[in-house]
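The structure appears below as structure tokens.
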Amino acid sequence: MLLTRDQADAALRRFARRPLDRPDLKQAAVGITVVADGAAFLLTRRAATLRGHAGQWALPGGRADPGEAPGAAARRELAEELGLVLDADAELGLLDDYATRSGYLITPVVLWAGTEPVLRPNPVEVSEVHRVPLDVIDVEPRFVTIAESDAPVIQLPILGRSVHAPTAAVLHQFREVVLRGRATRVAHFEQPVFAWR
């Protein structure tokens with residue numbers, strides 16, 4: 001599967017993004033960073049030594065600084081985690097906000113990083129980084145129930161394992177909106193209990 005920058009840009013312009021008004025949550029952003037000229041995206045595994053969400057699969061990202069726009073936050077976090085510096089013109093658009101049980105309001109930012117960007121993962125934050133082909137996320141998600149919530153937990157079966165929300169929710173919406181052209185919503189999907197902390 002190959003996605004052109006023009007296709008991604010057009011799909012995001014057609015999409016009526018839904019922001020959430022949640023001043024009780026800390027602002028954060030993640031980058032869905034498209035590489036290999038539209039054939040893959042970057043996915044990390046968080047370092048086992050991190051205080052929060054250690055060892056979990058994640059898109060590069062984190063908490064926004066006060067007054068920092070989501071795109072700027074996602075690009076700063078990408079530089080801090082993977083050593084990849086992108087200009088503002090790499091920002092293609094935003095997906096729906098996603099509120100986490102751990103107290104964050106995540107804004108997903110779709111970024112275009114071109115052909116083969118040089119990555120220098122920061123071992124303090126990242127234990128693994130993968131260039132995941134886009135066709136890997138062109139799968140149907142799994143939904144499981146948990147006793148702690150009435151909402152279904154979303155999982156994506158990729159890389160021989162299950163990736164959970166919030167990452168699974170964001171990647172599913174990216175697949176639906178950008179790869180399939182469908183305005184699918186994901187903010188109602190639950191996270192597994194281990195991600196609530």
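Within the set ALA165, ALA151, ALA147, the sole residue that is of a type in the set (Gly, Ala, Ser), out of contact with any Pro (no Cβ under 7 Å at 6 or more places or on another chain) and either under 22 Å from ARG76 (Cβ atoms) or touching a residue at least 40 places away in the same chain (Cβ under 8 Å) (or both) turns out to be ALA165. Annotation: of all residues in the stretch 104-127 being closer than 16 Å to GLY31 by Cβ and hydroxyl-bearing (Ser, Thr, Tyr), the one that is surrounded by the fewest Cβ atoms within 10 Å (Cβ to Cβ) is TYR104. Name the residues in the stretch 92-103 that are buried (at least 21 other Cβ atoms within 10 Å of the Cβ) and either modelled with pLDDT under 95 or hydroxyl-bearing (Ser, Thr, Tyr) (or both), would you? Passing the criteria: only TYR98. Pairing residues of the stretch 109-126 that are in contact (Cβ under 8 Å) with a residue 60 or more places away in the chain and over 21 Å from ALA39 (Cβ atoms) with residues that are part of a loop (DSSP other than H, G, I, E, B) and small (Gly, Ala, Ser), at Cβ distances under 7 Å and at least 6 apart in sequence or on separate chains, gives PRO123/ALA47; VAL124/ALA47; GLU125/ALA47; VAL126/ALA47.
Just one of the listed residues (ASP37, ASP89, ASP65) is modelled with pLDDT under 95, among the charged types (D, E, K, R) and farther than 20 Å from HIS172 by Cβ, and it is ASP37. Candidates THR33, THR100, THR4, THR44: the one that is β-branched (Val, Ile, Thr) and either more than 23 Å from ILE154 (Cβ to Cβ) or more than 16 Å from the chain's Cα centre (by Cα) (or both) is THR4.
Condition check ((1) surrounded by 21 or more Cβ atoms within 10 Å (Cβ to Cβ); (2) polar (S, T, N, Q); (3) under 25 Å from ALA113 (Cα atoms)) across all residues:
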residue: VAL129; (1), (2), (3): no, no, yes
residue: ARG142; (1), (2), (3): no, no, no
residue: ALA147; (1), (2), (3): no, no, no
residue: LEU159; (1), (2), (3): no, no, yes
residue: HIS164; (1), (2), (3): yes, no, yes
residue: ALA168; (1), (2), (3): yes, no, yes
residue: VAL177; (1), (2), (3): yes, no, yes
residue: GLY181; (1), (2), (3): no, no, yes
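Just so you know, in the stretch 55-79 the residues that are in contact with a Gly (Cβ under 8 Å, 6 or more places away or on another chain) and charged (D, E, K, R) include one that is nearest to ALA165 (Cα to Cα), and it is GLU77.
The values are calculated or read from the model by the stated rules, or taken from the named source; none is laboratory data. Keep in mind it's a predicted model, so treat the numbers as computed, not measured. Virtual Cβ from ideal backbone geometry, glycine too; neighbours counted across all protein chains shown.
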